[in-house]
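Notes for the one structure printed next.
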Amino acid sequence: MTTSTPTSATATPVSLLGLGPMGRALATAFLDAGHPLTVWNRTPGRTGTLSRRGAAVADGVEEAVRGGRVIVACLRDYAAVRAVLDPPPGDWTGRVLVNLGSGEPAQARSLARWADGHGIRYLDGAILSPTPAIGTPSAAVLYSGKAEVYEVVRNVVAAIGGTGGYVGADPGRAVAHEVALLDLFATSVNGLAHAFALAGAEGIAPGELAPYAAGIGGLLTEMAPRWAEQLAAGRFPGERSTVASAATALSHLVGTAAGHGLDLGALASAKRAADRLVTAGHGDDGLARLATVQHADGAEQGRQA
């Protein structure tokens, strides 16, 4: 565990809405940390061992709200949270709503406005780790919303473990981190799948390619902080590699993939971005400049804040 068990003076009653795999992991973490726990799930029968460990099982959302001072929602998406809590069940005086579901930054901001309009203190969160990490030092969770609300629940959400942190007053900021990182993961997974498909089309067995593919992850680890510095400064030195060389490599890659009838969506998008920069006179710049031309209309963004 990352925190000591709260004393009776510091333990806070928590109510958890949603008992999917992540919800059950959160419930276990709160119980392990010594917080009195009430749980509710739309579909009965998912409490498992939670009730035997002392969790109270609420028959309805209003009963669940009554059971906690910190109400944690871990539902499918923001629409599900609204469906469960609108209109707000019970008395929310002295209570805080912490949403740990998934969605879009704009949806987080909308839910925060709804909560504010009903006098509900609200904090949005984004869980960046799989269920086995919850309650351990390896868990990563981000929170955004009013700073004073985060301070109210800080000791409670510490039970989730790891490197959780407050990232700002904008309620959508935590989930904005999440979707940006999901963007990286999803496109990387798709790239790996596409690479295996291309290799297979060229007669290369998966086991032959795998050792070389594994090394790509290390390149990204080095590139991320270096790109961040360059984007913040608005300077893109091309000593290591250039946009022009990337455009040429992408031409070869697109041609090979097209020859095998493979999908060109992601590759064609990458090539368009590189070609735009070359046409605009930035061919000698480093690859980090590619982050500035990702809008659908191809317009180049200014210096990144």
- Inter-residue pairs, beta-carbon under 7 Å, first surrounded by fewer than 17 Cβ atoms within 10 Å (Cβ to Cβ) and in region 228-240, second part of a loop (DSSP other than H, G, I, E, B), 6+ apart: A232/Q304; G234/R303; P237/G286; R240/G286
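Scanning for something in a helix (DSSP H, G or I) and either farther than 19 Å from V293 by Cα or not aromatic (F, W, Y) (or both), does region 232-239 turn up at least one residue?
Checked against the condition, which is being in a helix (DSSP H, G or I) and either farther than 19 Å from V293 by Cα or not aromatic (F, W, Y) (or both), region 232-239 yields at least one hit.
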- Collect the residues in region 139-159 that are among the polar types (S, T, N, Q) and closer than 18 Å to R95 by Cβ, keeping them in residue-number order. N155
- Considering region 27-49 alone, what residues qualify as being of a type outside the set (F, W, Y), more than 16 Å from I134 (Cβ to Cβ) and part of a strand (DSSP E or B)? T38
- Query: Picking from G117, G125, G94, which residue would you name as being at pLDDT 95 or above, within 27 Å of G165 (Cβ to Cβ), surrounded by fewer than 19 Cβ atoms within 10 Å (Cβ to Cβ) and of a type in the set (G, A, S)?
  - Reply: G94
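The values are calculated or read from the model by the stated rules, or taken from the named source; none is laboratory data. Model, not experiment: these values are computed from the prediction. Glycine also receives a Cβ, built like all others from the backbone with ideal geometry; neighbour counts cover every protein chain displayed.
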